[in-house]
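Read the structure below first, then the notes.
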Amino acid sequence: MTQPRHARDTERGRYYSDPAGGPALVSVTNVIDTAVNKSMALVPWGVKLTVEHVLDHLDAVAERAAADRPVLTRELKAIHREVKERAADLGNRVHAAAEAHVLGAPVADDLEVRPYAEQLRRWLTSWRVDLAEHVVATEITCFHRRLGYAGTADLMVWLPTGPGGQPELWLIDYKSSATRPAKSVYPENTLQLAALRYCETVLLPDDTDAPMPHIDRTGVLNLRARSHALVPMPGDRTAHRAFRGALETTKWLHTAASSYPALLPPAADAPTTRKAA
């Protein structure tokens with residue numbers, strides 16, 4: 001996502017500064033990145049990318065392996081990181097375009113982002129969303145000072161999903177991908193939504209506090225180049241309890257020592273207090 005207001009990157013990941021002067025608050029995404037193990041999906045994905053690159057450039061890789069193996073190894077190890085960084089950059093640009101559109105501001109002409117922005121427009125049109133009437137907030141900072149975390153909600157919008165088409169206030173997170181199906185989500189998306197839903201306050205544009213609105217429903221709006229899907233997810237109290245466990249784990253890891261002194265054996269001539277048998 002784009003760099004939110006008051007967010008800053010540290011050696012321990014993203015934190016939010018508090019305009020009220022309190023301690024820094026760990027970001028919701030930082031908690032999930034720290035405490036949720038994604039290696040079961042990311043490691044096979046990284047291996048797949050590397051293998052496909054080698055097979056697509058087999059002759060060149062063979063020549064490089066004989067002539068410059070260390071440099072080739074470094075380049076192959078970096079393939080998955082480069083793909084991940086490009087995807088993150090695209091996601092940031094999609095978020096920026098979505099925010100601009102919802103605010104009625106000019107949207108930068110970005111050929112790669114254009115189809116994703118078009119899918120957002122189609123989704124808004126299909127739900128008959130009036131930007132002035134139905135959108136409560138976009139890219140709004142949410143604080144939970146008591147628990148020590150903060151995050152940014154992509155969209156709060158009224159949708160006619162209640163009984164008889166009654167409006168319900170949704171908290172929605174945008175997710176973009178060039179490869180995943182539009183209906184696919186990750187379990188940790190629920191943790192993110194629950195963490196935001198149960199924040200205590202939101203920051204207004206002048207950095208004053210307002211109560212967190214009562215959220216009726218939470219979901220992920222997947223934006224793809226040729227499709228889109230709003231996927232409801234149960235960001236409820238059960239998910240929030242799970243997030244709080246991840247939050248405690250993250251706080252512990254971020255303050256734990258990274259090294260400890262080794263215990264050495266006593267010197268050979270040191271006295272011992274052990275009595276002879």
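A few points about this structure:
- Taking every residue in the stretch 14-25 that is closer than 15 Å to T201 by Cβ and of a type outside the set (S, T, Y) and pairing it with any residue that is open to solvent by less than 20 Å² (accessible area, probe 1.4 Å) and part of a loop (DSSP other than H, G, I, E, B), at least 6 positions away or on another chain, the pairs with Cβ-Cβ distances below 6 Å are L25/G148.
- Among (1) in contact with a strand residue (DSSP E or B) (Cβ under 9 Å, 6 or more places away or on another chain); (2) outside any strand (DSSP E or B) - the single one G164 does not satisfy: (1)
- Any hit, the stretch 267-275, residues being farther than 19 Å from A137 by Cβ, open to solvent by 30 Å² or more (accessible area, probe 1.4 Å) and touching a residue at least 24 places away in the same chain (Cβ under 8 Å): no
- Within the stretch 103-158, considering residues that are open to solvent by less than 60 Å² (accessible area, probe 1.4 Å) and of a type in the set (D, E, K, R), the one farthest from L25 (Cα to Cα): D110
- Here A195 fits the description: within 22 Å of A242 (Cβ to Cβ), within 18 Å of the chain's Cα centre (by Cα) and assigned to a helix (DSSP H, G or I).
- Test: residue in the stretch 236-255 that is assigned to a loop (DSSP other than H, G, I, E, B), at pLDDT 95 or above and open to solvent by 10 Å² or more (accessible area, probe 1.4 Å): yes
- Residue under evaluation Y174, criteria (1) open to solvent by less than 70 Å² (accessible area, probe 1.4 Å); (2) more than 29 Å from L247 (Cβ to Cβ), criterion not met: (2)
- Residue match in the stretch 35-51 (condition: surrounded by 11 or more Cβ atoms within 10 Å (Cβ to Cβ), part of a helix (DSSP H, G or I) and in contact (Cβ under 8 Å) with a residue 40 or more places away in the chain): yes
- Residue check, A87 assigned to a helix (DSSP H, G or I), out of contact with any helix residue (DSSP H, G or I) (no Cβ under 9 Å at 6 or more places or on another chain) and modelled with pLDDT under 85: yes
- Condition check for T125: touching a Lys or Arg at 6+ places or on another chain (Cβ under 6 Å) and β-branched (V, I, T): no
The values are calculated or read from the model by the stated rules, or taken from the named source; none is laboratory data. Please read these numbers as outputs of a predicted model, since none were measured by experiment. Please note: Cβ atoms are built from the backbone with ideal geometry, for glycine as well, and neighbour counts cover all protein chains shown. With ligands, DNA and RNA removed, areas are computed over all heavy atoms of the protein, side chains included. Shrake-Rupley method; radii C 1.70, N 1.55, O 1.52, S 1.80 Å.
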